[in-house]
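Quick notes on the structure that follows.
The values are calculated or read from the model by the stated rules, or taken from the named source; none is laboratory data. This structure is a prediction, so every number in the text was calculated from the model and none was measured. Ideal geometry is used to build each Cβ from the backbone, glycine not excepted, and the neighbour counts take in all protein chains shown. Heavy atoms of the whole protein, side chains included, go into the accessibility calculation; ligands, DNA and RNA do not. Shrake-Rupley method; radii C 1.70, N 1.55, O 1.52, S 1.80 Å.
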Amino acid sequence: MNEKISELRNQFEAELRSVQNDTELENMRVAYLGKKGSITAILKDMGKLSDEERRALGQEVNVLKDEAAEKLAAKKEEFARLELEKEINAAPEIDISMPPTLERGSYHPITLVQRQCEAVFKSMGFAVEDYSEVVTDYECFEALNIPKYHPARDMQDTYYLENGQLLKSHTSAAQNAIYKKYKKALVEDGVPIKAIFPGRCFRNEATDACHENTFFQMEGVMVDKNISISNLIFFMKTMLSGVFNRDIKVRLRPGFFPFVEPGFELDINCEICGGAGCPSCKHSGWLELCPCGMIHPEVLKAGGIDPEEYTGFAFGLGLTRLAMMKYGIKDIRDLNGGSLASMSQFTEDE
Ligand code: FA5
């Protein structure tokens, strides 16, 4: 064998053993088989040889050339295989031959009662509205007949933001916007305002079995000519029997809220203890669920509605407490606890 060819083969093989990646491999291909590569150079120089020498060397160099090309291709495949193995080992273990899991998500109990309430009110012609969680002082208090420095502001431990806005402490904060949105249809076309607006509320409360710092309410308002307390009581009863599918013991007692006159507290007989008293109802047997009342004339005025001509009722249902009562959840904090195991038990209700 030609000594030069033999040396070149040894050099090629040694280099191939030390190559680490595709880039080095490509550099090697160019160095041996490229236009100016060392194997190509031998082939180019063959014109200077005698016929006999050319025949003998030509065969050897062509064998080396094919061999080098094959070995480079094999190495390239090896790198590709190693890269794939690396990716497979890094990926999470998924057995794609297994059938797909049939486990489904579920609605949160608060979403369930919200949907049940919405269905009842929608069937009675109420619109469902959404509202921001960040509101102005005007929306949350001033427009609701609670001026600055009025002690009624202390009833809600409010989270104020640096820009003067605040986190909605009750869904009543949307009332003013709702009146303004629907007053034209009321005044010009005689269409009563009937709307509910569920939402998340925030208060800086010390938490216990029936108080959370983040909870849901659902506000409802109806405004028309000659709306009275009997309309209010009818809608409250219809809503509760629609959610519980049975008669529920409730009591109505006077309650003070600057935005209603007269105002009431609607309490529900505690469904956890049946009225005997327990931590869920602060041992009273009753749970404050849905304060309500006739909309204060000042509040209607702020919404652009003439209180001499129109009257209305408003209520602020505690949706989170309703979910506790409906599903027998003893501690309100469990509803924000994030336990999928406990919160997914109520799906069949839908
Ligand atoms: C209000 O928020 C009034 N805006 C309700 C209202 C609307 C009255 C329209 C009249 C007319 P109150 O602060 O009582 O009222 O809250 C209403 C309901 O929200 C309570 O009865 C209770 O069910 C629920 N609630 C209040 N605070 C909490 C809390 N920290 N955790 C859980 N639920 C709460």
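Pick from I94, I88: which is without any contact (Cβ under 8 Å) to a residue 24 or more places away in the chain, part of a loop (DSSP other than H, G, I, E, B) and among the β-branched types (V, I, T)? Break it down stepwise before answering.
Numbers: I88 fails: part of a loop (DSSP other than H, G, I, E, B).
Only one candidate qualifies: I94.
Collect the residues in the range 1-54 that are in a helix (DSSP H, G or I), under 30 Å from A80 (Cα atoms) and of a type in the set (D, E, K, R), keeping them in residue-number order.
Selection gives E7, R9, E13, E15, R17, D22, E24, E26, R29.
Would you mind telling me which numbered condition in (1) touching a Pro at 6+ places or on another chain (Cβ under 9 Å); (2) within 25 Å of K225 (Cβ to Cβ); (3) away from the ligand (no atom under 11 Å from the Cβ); (4) not acidic (D, E) K330 fails?
Tallying (1) touching a Pro at 6+ places or on another chain (Cβ under 9 Å); (2) within 25 Å of K225 (Cβ to Cβ); (3) away from the ligand (no atom under 11 Å from the Cβ); (4) not acidic (D, E), K330 fails exactly one: (2).
For the range 154-207, give me the residue count where each residue is assigned to a loop (DSSP other than H, G, I, E, B) and either away from the ligand (no atom under 13 Å from the Cβ) or within 19 Å of P291 (Cβ to Cβ) (or both). First the steps, then the outcome.
Restricting attention to the range 154-207, the residues satisfying the condition of being assigned to a loop (DSSP other than H, G, I, E, B) are 156-159, 161-165, 168-170, 190-192, 203-207.
Retained after the next criterion (residues that are either away from the ligand (no atom under 13 Å from the Cβ) or within 19 Å of P291 (Cβ to Cβ) (or both)): 156-158, 161-165, 168-170, 190-192, 203, 205.
Counting residues in the range 154-207 that are assigned to a loop (DSSP other than H, G, I, E, B) and either away from the ligand (no atom under 13 Å from the Cβ) or within 19 Å of P291 (Cβ to Cβ) (or both) gives 16.
Here are some conditions: (1) part of a strand (DSSP E or B); (2) open to solvent by less than 40 Å² (accessible area, probe 1.4 Å). P262 meets all but one. Which one does it not meet?
Answer for P262: the failing condition is (2).
Criterion first (of a type in the set (S, T, N, Q), open to solvent by 10 Å² or more (accessible area, probe 1.4 Å) and modelled with pLDDT of 95 or more) does T311 satisfy it? Before you say what the answer is, go through the steps one by one.
Working: of a type in the set (S, T, N, Q): yes; open to solvent by 10 Å² or more (accessible area, probe 1.4 Å): yes; modelled with pLDDT of 95 or more: yes.
Spelling it out, T311 is indeed of a type in the set (S, T, N, Q), open to solvent by 10 Å² or more (accessible area, probe 1.4 Å) and modelled with pLDDT of 95 or more.
To keep it simple, each residue is scored yes or no on (1) part of a loop (DSSP other than H, G, I, E, B); (2) outside the structural domain of K180 (by TED's automatic domain parsing); (3) in contact with a strand residue (DSSP E or B) (Cβ under 9 Å, 6 or more places away or on another chain); (4) among the acidic types (D, E).
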residue	(1), (2), (3), (4)
F215	no, no, yes, no
I227	yes, no, yes, no
L232	no, no, yes, no
G242	no, no, no, no
F256	yes, no, yes, no
I272	yes, no, yes, no
C290	yes, no, yes, no
M294	no, no, yes, no
D306	yes, no, no, yes
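Quick test for you: out of S284, S228, pick the one residue that is small (G, A, S) and away from the ligand (no atom under 15 Å from the Cβ).
Values: S284 fails: away from the ligand (no atom under 15 Å from the Cβ).
The unique qualifying residue is S228.
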